[in-house]
Each structure stands twice: as structure tokens, then as C-alpha cells.
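J.: Can you keep this structure in mind? I'll have questions shortly.
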Amino acid sequence: MKLSGRQIAAFLRNPPPPELLAVVLYGPDEGLVRERARLLAGQVVEDIQDPFRVAGLTGPDLKADPARLADEAAAISFTGGTRLIRLRAAGDDCEKALEAVLDGPAADALIVVEAGDLPPRSKLRRLAESHDRAAALPCYADDDDTVARLVEHAVRSAGARIEPDALAFAADHLGNDRITTRMEAEKLALYAGEGGTITLEDAVACIGDSAVLSLDDIAFAAGAGNLAALSTALDRAAAETTAPVSILRAVGRHFQRLDAAQSLIAAGTDAQSVMTRLRPPVFFRRRDAFRSQLRRWPQGRILAALARLNRAEIDCKTTGLPDRAIAERALIDLARAGAQTAPAMARKSAAERLAPPTSAPSTS
């Protein structure tokens, strides 16, 4: 069974159906995988540390002894009730062991599998999606709307409120790892205090320096044509396991802001005023860089950049090729384009500006 959209929220709010034996949680957001696994575990047992009803396994455990999963699923709790088996760090090498349990006799247990970012062709993912006794639950990185809802809920739960500009700034700068988002949202709520109001200045003071800003670093490095800074920022994002599609979207938002700013300038607004009129406003430490990129990227070039980013996101989702390599190639193309002067780029067509470089013909 494949879960998606609104099905996921309803699924996590209720005990799993009795015929269900396993749920495979997967996706690029490890924080969200862990959070949803805990929510699901809480629907099965009152205490997820209960040694009589909860067993913990890892992918390497099953690799050493594939029969352990079936043994744990068949075991009977000494205190009664459904048993919970938590299988962490799972990959395709766990597929055979899980399939044997799913095809075996009925068991009073639920196996919660925490996997990584499984591609569509993954054997473990396909098993969970197709088997009647299993469910596949994707955990993709939060988008801006989801981040904003999480922040607003945390603040309201603390008896405070947050102004729209501050909420927009938080959504734009918190990144999209669920655990990081919750921690920063709770910090904002604590800063406001009961009955308090979080302004834009408060949000900048609380999260401007400590949130996950590597996506901003990537966007500004690409826009500035700074390949060295881009490489460093991409390495940091890879170390943080940031999803490539999330990186492409963050850079796309940056270019959309440049486009909005160029439209305001064309209407007669000066660059300094433009940066404060954007919502959220350009972060004060980025204003010089943003102003420089306004000179570097006229609207025609921005549209070509957005087209390149969109093509890269589609390729990430459809080609089956390594998505990180696709995203990084697109960003390097943008940085190379950004390194050229606007007059030089103006002499090229939009297609030529961001077209991937062709390989040199072989001389062999």
C-alpha cells in the first residue's frame, strides 16, 4: 500500500489496521522519518522503551542474521498486546527478510522500518508499496508552507503570536529538516514568551545566525558566479543530507526574488527600497550581494536560469540518474553563467546562455 498526501496525516493519527504487519518510512528528510516513526510507534505501544513489547534491530543486524526479523515478529509479549519491532538503517538488503515475514503466518506485531531516500526502483520500497500487509510512507523535505505551519503552531501553543513578515522570514530561513525546524520553532516560542509577539527583528535575532542557511549560501554563490563558494556550500549541504530537489527549489526562490526585484526597479523603485519591500525583506547581511546580483542578472537571464533549474528538477525525478549530480551540474552551469558579464551574455540567445556544455569530439 502506498500512502500519500492527506492519507499520511490520517494514518498517523490512528492505530494501524490489524492486517498491516509492516510500515516502511523512507525519504531524504531523516528528521521527518524519525518523527513519524515515533508517532507510529506510539499508536502501537504506550512506552516505546518497553523491553517486553519493543525490539530494536538495524539493517546490519539482519545482514548478519536474516532470520532475526521473523523471530521477533513471531515472539509473544510477556505482558500481552501487540509487539513493536523497530528496524533502523534499513536498505534494499533487508527486502528479503521483510518479504519472508510478510508472506509468513499472521503475527501480533508491527514492524516499523526506518529507511533512507529510497529511489522508485528500490526493492524495499516496491515491496512495501505492493504488498497487502505492508505500507510505504514517504517523508519528503518540508516545503515553505509546511515549515510556516509548524512554526505558527509552536508559537501559538506557547500562547504567543508571530507577525506575517516574521513567519515568512522563518519559513525562508529554517531549511527543511523537520527536527531542526521544531527546535528553532520552540526557540522562537520561548523567546516570545506567553502573550508575546514575534516581530521580523525578533525572528532575525533568533534564527538569522543559527538556522540552516547553507541553502542561501548556495543560491548566492550560484548567482554571483563564485564556483569556489558554491562548491563549499554544496559540500556542506551534502554533509547535512539536504535533498537535491530542495536545493534546486531554494535557488529557484532566490532567482524569483531577483525577478520580483527587477520588476519593481523597472516600475521606478530604487534598489535599496526594493530590498526592504520584498517579503521577506532581503537579510541585511546579504543586501550588498543581492544588489550586485541585480546588476548581473537582468530579467531575461533570470528566466533562462529558472528554466534551467526547472529542467534539472524534472530530470532528478524522471531520469533515474543520480539526483545530486544532476542538481550540482545545473548549479555549476548557473554559476558559470553568473560569472560572465551581462553585456557578454546579452549577445547570446536564452537557449545558449544556460545550455550544458557539449563534450569535445573524441580524437581516438
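J.: Taking the Cα atoms only, what angle lies between the long axis of helix 287-296 and the longest principal axis of the chain, rounded to 10 degrees?
T.: Helix 287-296 sits at roughly 70 degrees to that axis.
J.: Would you kindly calculate the translational diffusion coefficient of region 176-321, applying Stokes-Einstein with the Kirkwood radius from alpha carbon pairs, for 25 °C and a viscosity of 0.890 mPa s, and quote it in µm² s⁻¹ without decimals?
T.: My calculation gives 146 µm²/s for D.
J.: Further, regarding this structure: Provide the per-residue ³J(HN,Hα) series for region 256-270, in order, calculated from phi with Karplus coefficients 6.51, -1.76, 1.60 and θ = phi - 60°, each as a whole number of Hz, with x at glycine and proline positions.
T.: 5, 5, 4, 5, 4, 5, 5, 5, 5, 5, 4, 8, x, 8, 6
J.: Moving on to the next point. Could you give the size of the charge dipole of region 81-158 about its Cα centre, using +1 on the Cβ of each K and R and -1 on the Cβ of each D and E, expressed in debye and rounded to the nearest 20?
T.: Working: 11 positive and 15 negative charges, 55 e Å.
My answer is approximately 260 debye.
J.: Please list, or write none, the lysines whose alpha carbon is within less than 16 Å of the alpha carbon of Lys96, excluding same-chain residues fewer than 8 places away.
T.: Hits, sequence-local ones excluded: Lys63, Lys123.
J.: For the chain, what is the calculated [θ] at 222 nm in deg cm²/dmol (nearest 500), taking -39500 (n - 2.57) for each run of four or more DSSP H residues and dividing by its residue count?
T.: Numbers: 19 runs with 207 residues, N = 364.
Roughly -17000 deg cm²/dmol at 222 nm, from the helical runs in the chain.
J.: Would you mind checking which residues have amide H under 5 Å from Gly196's amide H? H placed 1.01 Å from N; only 5 or more apart, or other chain.
T.: Here the answer is Arg161, since their amide H atoms fall under 5 Å of that of Gly196.
J.: Along region 109-123, what does the Karplus equation 6.51 cos²θ - 1.76 cosθ + 1.60 (θ = phi - 60°) give for ³J(HN,Hα), rounded to whole Hz, x for Gly and Pro?
T.: Per residue, the Karplus-derived 3J(HN,Hα) values read 7, 10, 9, 9, 9, 9, 10, x, 7, 7, x, x, 8, 4, 5 Hz.
J.: Can you list the HN-Hα couplings for region 16-32, worked out from phi with the Karplus curve (6.51, -1.76, 1.60; θ = phi - 60°), rounded to whole Hz and with x for Gly and Pro?
T.: Values per residue, Gly and Pro as x: x, x, x, 6, 7, 10, 8, 10, 9, 9, 9, x, x, 8, 4, x, 5 Hz.
J.: Take the alpha carbon atoms of region 296-345, find their center, do the same for region 1-34, and report the distance between the two centers in whole angstrom.
T.: Computed from Cα coordinates, the inter-centre distance equals 34 Å.
J.: Shape call for the chain from the C-alpha gyration tensor, a ≥ b ≥ c root eigenvalues: rounded (a/c under 1.5), prolate (a/b greater than b/c) or oblate? Let's see the in-between values first.
T.: Details: a/c = 3.06, a/b = 1.59, b/c = 1.93.
Cα axes put the chain in the oblate bin.
J.: Please list, ordered by chain and number, the residues whose modelled amide H lies under 5 Å from the amide H of Ala135; skip anything fewer than 5 residues away on the same chain.
T.: Excluding prolines and chain starts, which carry no amide H, the hits are Ala22, Val23, Val24.
J.: Compute the FRET efficiency between Ile179 and Leu264 as 1/(1 + (r/R0)^6), taking r as their Cβ-Cβ distance and R0 = 35 Å, and round to the nearest 0.05.
T.: FRET efficiency, Ile179 to Leu264: 0.45.
J.: For Leu57, which sequence-distant residues (separation of 5 or more, or a different chain) have an amide H within less than 5 Å of its own amide H, given hydrogens modelled in the peptide plane?
T.: So Leu57 has HN proximity to Arg86, Leu87, Arg88.
J.: While we're on this one: For region 64-192, what's the relative contact order in percent, using C-alpha pairs closer than 8 Å and at least 6 residues apart?
T.: 19
J.: Return a whole-number percent for the relative contact order of the chain, with Cα pairs under 8 Å and 6 or more residues apart as the contact set.
T.: 15
J.: Can you give the angle from 0 to 90° between the axis of helix 227-239 and the longest principal axis of the chain, with both taken from C-alpha atoms, to the nearest 10?
T.: Long axis of 227-239 versus the principal axis of the chain: about 20 degrees.
J.: A further question on this structure: Enter the angle in degrees (range 0 to 90, nearest 10) between the Cα long axis of helix 323-339 and the first principal axis of the Cα atoms of the chain, meaning the one along which they spread out most.
T.: 10
J.: Further question on the same structure: How big is the C-alpha Rg of region 53-184 next to the rule-of-thumb value 2.2 N^0.38 Å, as a ratio?
T.: Dividing the Cα Rg of region 53-184 by 2.2 N^0.38 Å gives 1.38.
A short reminder: the numbers here are calculations on the coordinates, not readings from a lab. Quick caveat, the model's predicted, so the values are computed rather than measured. Cβ sites come from the backbone with ideal geometry, for glycine too, and all protein chains shown count toward neighbours.
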